[in-house]
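Enquirer: The structure under discussion is supplied below as structure tokens; questions concerning it will follow.
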Amino acid sequence: MKKLLKERLFEAFLDEVDGVSCVPASSTPLELRTQFSPHGLRFPLLHDGISPLFLQVNSSGFPPASSRFGPYCDNITGMNWRLPDGRMVRVGERVVKSTTGYDILRFLLGSGNRYGNPVDYVLRLRPDTGGGGIFRLEGVPGKLSEAVRTILHSYYLHWLESVDWLEGPEAPSLRVAVHCPNEEWSVFVDFMQGVAFRHGLSVDVQPGQNAVGDGLPDLVFKTTPDRVVSLARELANMGDIRCVALCYCAVVHVYFLGTDNMGARTQTISKSFAPLVEVLGGDWHSRHVVAPLTQIKETAWIAELEREWGEQP
Amino acid sequence: MLLRNAAPRARILDSAAQLAGYGSDGLGYKTFLPDLVVIPADAEELASVVRALHGGGLPVCLRGAGTSLSGGPVAAQGGVVVHTSRLKAIREINVNGLWCEVECGVNLNQLDAALKPTGLCYPPDPSSGPVCTIGGNVASNAGGAHCFRYGVTSNYVLGVEVVLPDGSVHRFGGPAGGRGPWREDWKRFMIGSEGTLGAFTRFWLRLTPRPEKAWTFRATYADLKSTERAIHGLVKHASYPVAIELMDPHSVAMVESSPMAVGLPQDHFMILVEIDGPASLVDLRAESVAAILRDAGSQDVLFGDDPEMRQKLFKARKAQGGLLGQISPDFLVQDAVIPKRALAEVLGLIYEEAERAGIPVATVMHAGDGNLHPNFLFDSSKPEEIEKVEAISKCLMERVVAVGGALSGEHGIGNDKSEYMGIVFGPDSMRMQMAIPGVFNPTHQFNPLKVFPERRFSA
């Protein structure tokens, strides 16, 4: 069997049938929208409306709509990747489903710049149905927490773009975003009003506003769905912090109120809270500091990969 | 003796009759007899067995139910098969945390039965569900009919416990999912690694609410172009079907000639679609899905929300693989994934090549994912037929890569497709791939000659 003598790389494309597109990693949300909207498609996984895609991917793997569609690593199917010495390789595929060799794509995605940088992403797109909205539930925290459990165990969970617990200086609230065809909106209104009634909560319905963007988080914790709300509440108690807990993904996004001492604050908070999540096989991450390795053997494994991937033979 | 001391409660098989049962997987025509089979009593014994074999002269091959279709869990270079059939405990189902912890030998239907009373489910559903193990599913990143919307195994693995070839035990992730997509997420290498990096002992899996209601649709089409049009319409539709399955006329004819018959016209393509979710939502969507199927040219669209109809249709679809064994001494199932715009082109190529070679072919497809399963029927006692089937496979794989597809979607590479890896990976990306066993299994003692043909064990 013949072998390739040079690397195959992705070229820019948009495949409307498969709903995949190869775009520069530096693309902005506006550029993505401009490119995909005319085809009735969208890339829903964005933390904000301004940051280039690679910054969004590196800040947290779990953007708001990951409740419905999964994290970035399930929605970026391939990459052109520049290795530290400048060589370009292709990782992953343009088809969504693949078991062809080791999963280097998911490993590299969001691994920082130790092994190089993304140049292009192949994005998995979704139909843009044009409708939807946001529900905001408020009430006694204990009742709100019960409402989270109801939603996470309901058949509707698969269709909710995000289920977020908001915790900060103001009273906590629950935000649920839906993206759906207009004719289905009333079904979701009935469901959410039912949840609110059952748990004695007030609900504010905002049709037409279905994009959630909280910005790039300063610090991220990953835990389990049954602990995510209490973790967000404890974190917010540290002061000058706003938290968004992605309830199904079990991720807490921490936003510092103010820009002073980001690195030091990250270190202090992560030191206090890391043991709580690590005991469950969870983890933390911040774009402001490099997290320490937790297994001694990792140092050797990383060195081996750096040697093999980093230098031309 | 070494093994007996390491694992006193293990079963050790060494007679020819016993070993014969481990000579092949679902790729039945390629057989490789192991020298020995060890069946550890539990995870601790499994780790002891690995430590006892470390540094020895024998290759090690991990095996679950042996239902792989790509020549994965077989002793291609001889040595010891470690069979994980006794690691069958479901250790915990955490309903509030939406996760469960299972041992590697748990089979899918066993897990599904345990989850049913909780209202939760674990969605991947390969056709071998009644027998295949979670360990095998993770090793090959298995999918199934319903993964178009729900995703494949890798979307549901939160954590992996693995015994590396040096005997060290590592836990990557756990109920909280580990590193997720930040920092070095080692479990990503483990999922889909086909037994080449270590021995799995247990997993933490993400669970999700079981759907309340499903609508099932079946439509038949006289030609490939109309079939393709229907599939293109479905994958772009906002109803997000969970499954879009295709059976070609040969497969339909096979099912219709069996006790699984569901009354389909035998010279037509059949598309099977399912949407699921809350009743109030799927009831709204049913008619629009039927309209897509009709608009593509089907005069024969049936749909309903009757669970019995659903069960019957999916049973017929999943029975196709089993029926192949009744009509042919051997068959080879390919597992390519193609961009869906190339569906008619690639299926056309399969039919042309098979007809030219005089090899019957029956194709099923997870059409939503573009995941093709052509089944080539042949007699392995005739070397010329093996040659023809392998030539068709080669031609198919070259076209799949040329149109932007992948060699495998859910079966893995095994030793069946390893020789094609050179047309996928260039020199630098191949070196990146080979660096991974270089880290975890540098001598290739675990599952040699799989995934990459260069992976040969030398003691």
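Laboratory data are not the source of any read-out in this text; all were calculated from the coordinates shown. A quick note: this is a predicted structure, and the numbers were derived from the prediction, not measured. Neighbour counts run over all protein chains shown; Cβ positions are idealised from the backbone, glycine included.
Enquirer: Provide the descending list of Cα extents for chain A along its principal axes, expressed in whole angstroms.
Expert: 66, 46, 34
Enquirer: So for chain A, averaging the separation of alpha carbon pairs under 8 Å that are six or more residues apart and normalising by length, what relative contact order in percent results?
Expert: Once divided by the residue count of chain A, the mean separation gives 17 percent.
Enquirer: Given the Cα atoms of the protein assembly as shown, and with Rh set as the inverse mean 1/r over their pairs in the Kirkwood sense, what is Rg to Rh to two decimals?
Expert: Rg/Rh: 0.95.
Enquirer: If each Cα of region B:291-375 is one equal point scatterer, what is log10 of I(q)/I(0) from the Debye formula at q = 0.14, 0.24 Å⁻¹?
Expert: -0.66, -1.25
Enquirer: Would you order A:HIS179, B:HIS268 from fewest to most other beta-carbon atoms within 10 Å of each residue's own beta-carbon?
Expert: With the sparsest Cβ surroundings first, the list reads B:HIS268, A:HIS179.
Enquirer: Multiplying the sequence separation of B:ILE90 and B:ARG456 by 0.36 nm and subtracting their Cα-Cα distance, what value in nm do you get?
Expert: Gain in length upon complete extension: 128.2 nm.
Enquirer: So what does log10 I(q)/I(0) come out to for region B:181-227 at q = 0.13, 0.28, 0.32 Å⁻¹, using the Debye formula with one equal point on every Cα and no solvent?
Expert: With one equal scatterer per Cα and no solvent, log10 I(q)/I(0) is -0.70, -1.19, -1.22.
Enquirer: Could I ask something else about it? Taking 25 Å as R0, compute the FRET efficiency from the Cβ-Cβ separation of B:SER288 and B:LYS116 and round it to 0.05.
Expert: For R0 = 25 Å, the calculated efficiency reads 0.25.
Enquirer: Lysine pairs in chain A with alpha-carbon atoms under 24 Å apart, 8 or more places apart or on different chains: how many are there?
Expert: Lysine pairs meeting both conditions in chain A amount to 5.
Enquirer: Can you give the FRET efficiency for B:GLU256 and A:ALA264, using 1/(1 + (r/R0)^6), R0 = 56 Å, r = Cβ-Cβ distance, to the nearest 0.05?
Expert: It comes out at approximately 0.20.
Enquirer: Which net charge results when you count Lys and Arg as +1 and Asp and Glu as -1 among the other residues whose beta-carbon is under 14 Å from that of B:GLU212?
Expert: Net of charged neighbours comes to +1.
Enquirer: Find the relative contact order for region B:240-289 and round it to a whole percent, using C-alpha pairs within less than 8 Å whose residues are 6+ positions apart.
Expert: It rounds to 42 percent for region B:240-289.
Enquirer: In addition: Put a dot 7 Å past each Cα toward the Cβ at A:MET238 and B:HIS54; how far apart are the dots in nm?
Expert: 3.8
Enquirer: How would B:MET432, B:MET1, B:MET309 line up from fewest to most surrounding beta-carbon atoms within 10 angstrom?
Expert: Ranked by crowding around the Cβ, least crowded first: B:MET1, B:MET309, B:MET432.
Enquirer: What ranking do B:ASP295, A:ASP74, B:ASP305, A:ASP103 get, fewest neighbouring Cβ atoms within 10 angstrom at the top?
Expert: Lowest to highest Cβ neighbour count: B:ASP295, B:ASP305, A:ASP74, A:ASP103.
Enquirer: A further question follows. Evaluate the relative contact order of chain B (contact order divided by residue number), counting alpha-carbon pairs under 8 angstrom at least 6 apart; express in whole percent.
Expert: Relative contact order for chain B comes out at 16 percent.
Enquirer: Around B:MET260, under 10 Å between beta carbons, what's the net of Lys plus Arg minus Asp minus Glu among the other residues?
Expert: Net charge in that neighbourhood comes out at +3.
Enquirer: Continuing with the same structure: Run the quick spin-label model on A:LYS143 and B:LYS394: label points 7 Å from Cα toward the beta carbon, then report their separation in nm to one decimal.
Expert: The modelled label-to-label distance comes out at 7.2 nm.
Enquirer: What does the charge count around B:GLY297 come to, taking other residues whose C-beta lies under 13 Å from its C-beta (Lys +1, Arg +1, Asp -1, Glu -1)?
Expert: Surrounding charge for B:GLY297 is -1.
Enquirer: P(r) of chain B in 20 Å steps, Cα pairs, percent per bin?
Expert: Whole-percent P(r) values from 0 Å outward: 25, 57, 18, 0.
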